[in-house]
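Q: Here it is, the structure, as structure tokens.
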Amino acid sequence: VVMAVVVMIGLVMSRIAVPLAKLRAGVEDIRQGQLDRSVVINTSDEFGELAGALNIMTAEVRQARHQQEAYARTLEQQVADRTREVERRANQVVTGAAIGRAITSLLNIDELIVRIVDLIRERYGFYYVALFLIDAERRWAVLQYGTDEPGRVLKAREYQLAVGGQSMVGWVCAQQVARVARDVADDAMHLPNPL
């Protein structure tokens, strides 16, 4: 009888208590957020089915968490991109307002040109900015002011570009449309200048 009771207790432990302990440990792992562990019960009874269902649910939760993290990263990137765009546009508005103030406060056209060109360079962080005006015959875009030493040298040389000629400035003057290039050296209308 004692032997039969010991065998029965062993069977109960191996068939019921051990699988229940594994299921309980699996549920506790999920509760603590440890979704990379599986519950291993190699039986075809209810405990095995329950362990399989628990493992499927854990995998689905893990996949949903990964998708949520990927979405959060994408959202963070979109917010950062939009923030940079808003800051860029705010800088444009502030620069436009500063130019407007300069226009209303300066009566001398030469001072006004210098102030506008310097403001554009400073606010946008460009390495060089110049302002050209088209002559009365609409044949030449004449440099009025350029920043730093290149601007001074070109102004002293009375630098001008043909309207409609092979330069970005000449093209813009002829077409009356903005032309934007990330790297002017790569633009088809680029006119190299040693300065």
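The values are calculated or read from the model by the stated rules, or taken from the named source; none is laboratory data. Given the structure is predicted, the values throughout are model-derived calculations rather than measurements. Cβ placement follows ideal geometry from the backbone for every residue including glycine, while neighbour counts extend to all protein chains displayed. Keep in mind that these areas ignore ligands, DNA and RNA; they rest on the heavy atoms of the full protein, side chains included. Shrake-Rupley method; radii C 1.70, N 1.55, O 1.52, S 1.80 Å.
Q: I want to confirm something. Restricting to segment 142-195 and keeping residues that are of a type in the set (Val, Ile, Thr) and out of contact with any Gly (no Cβ under 8 Å at 6 or more places or on another chain), which single residue is farthest from Tyr128 (Cα to Cα)? If you could, list the steps in order and put the result at the bottom.
A: We begin by selecting, within segment 142-195, every residue of a type in the set (Val, Ile, Thr); these are 142, 147, 153, 163, 169, 172, 177, 180, 184.
Okay, now just the ones that are also out of contact with any Gly (no Cβ under 8 Å at 6 or more places or on another chain), so 142, 147, 153, 169, 172, 177, 180, 184.
On the way: Val142: 16, Thr147: 6, Val153: 13, Val169: 14, Val172: 18, Val177: 20, Val180: 15, Val184: 12 Å.
Among residues in segment 142-195 that are of a type in the set (Val, Ile, Thr) and out of contact with any Gly (no Cβ under 8 Å at 6 or more places or on another chain), the one farthest from Tyr128 (Cα to Cα) is Val177.
Q: Another question about this same structure. Does Arg37 satisfy the condition of being open to solvent by 90 Å² or more (accessible area, probe 1.4 Å) and assigned to a helix (DSSP H, G or I)?
A: Values: open to solvent by 90 Å² or more (accessible area, probe 1.4 Å): yes; assigned to a helix (DSSP H, G or I): no.
When the stated conditions are applied, Arg37 does not pass them.
Q: Can you name every residue in segment 168-187 that is open to solvent by less than 80 Å² (accessible area, probe 1.4 Å) and among the small types (Gly, Ala, Ser)?
A: Of everything in segment 168-187, those that are open to solvent by less than 80 Å² (accessible area, probe 1.4 Å) and among the small types (Gly, Ala, Ser) turn out to be Gly170, Ala174, Ala181, Ala185.
Q: Considering each residue of segment 40-60, count those that are open to solvent by less than 60 Å² (accessible area, probe 1.4 Å) and in a helix (DSSP H, G or I), and give that number.
A: Residues in segment 40-60 being open to solvent by less than 60 Å² (accessible area, probe 1.4 Å) and in a helix (DSSP H, G or I): 9 in total.
Q: Hey, among the residues in segment 18-33 that are within 41 Å of the chain's Cα centre (by Cα) and of a type in the set (A, V, I, L, M, F, W, C), which one's nearest to Thr58 (Cα to Cα)?
A: Taking segment 18-33 and keeping what is within 41 Å of the chain's Cα centre (by Cα), we get 26-33.
Still in the running and of a type in the set (A, V, I, L, M, F, W, C): 27, 30.
Numbers: Val27: 9, Ile30: 7 Å.
The extreme case among them is Ile30.
Q: Continuing with this model, one more query. Looking at (1) outside any helix (DSSP H, G or I); (2) closer than 22 Å to Thr95 by Cβ, find the lone condition where Leu191 falls short.
A: The single condition Leu191 does not satisfy is (2).
Q: Restricting attention to segment 61-69, does a residue exist that is in contact with a helix residue (DSSP H, G or I) (Cβ under 9 Å, 6 or more places away or on another chain), of a type in the set (A, V, I, L, M, F, W, C), without any contact (Cβ under 8 Å) to a residue 60 or more places away in the chain and not in a helix (DSSP H, G or I)?
A: no
Q: I'd like the residue in segment 146-195 that is among the hydroxyl-bearing types (Ser, Thr, Tyr) and under 35 Å from the mean Cα position of the chain (by Cα) and, out of all such residues, is nearest to Gly125 (Cα to Cα). Full working, then the answer.
A: Keep residues of segment 146-195 that are among the hydroxyl-bearing types (Ser, Thr, Tyr), which gives 147, 159, 167.
The next check asks that each one be under 35 Å from the mean Cα position of the chain (by Cα); those that pass are 147, 167.
Values: Thr147: 12, Ser167: 23 Å.
Among them, the one singled out is Thr147.
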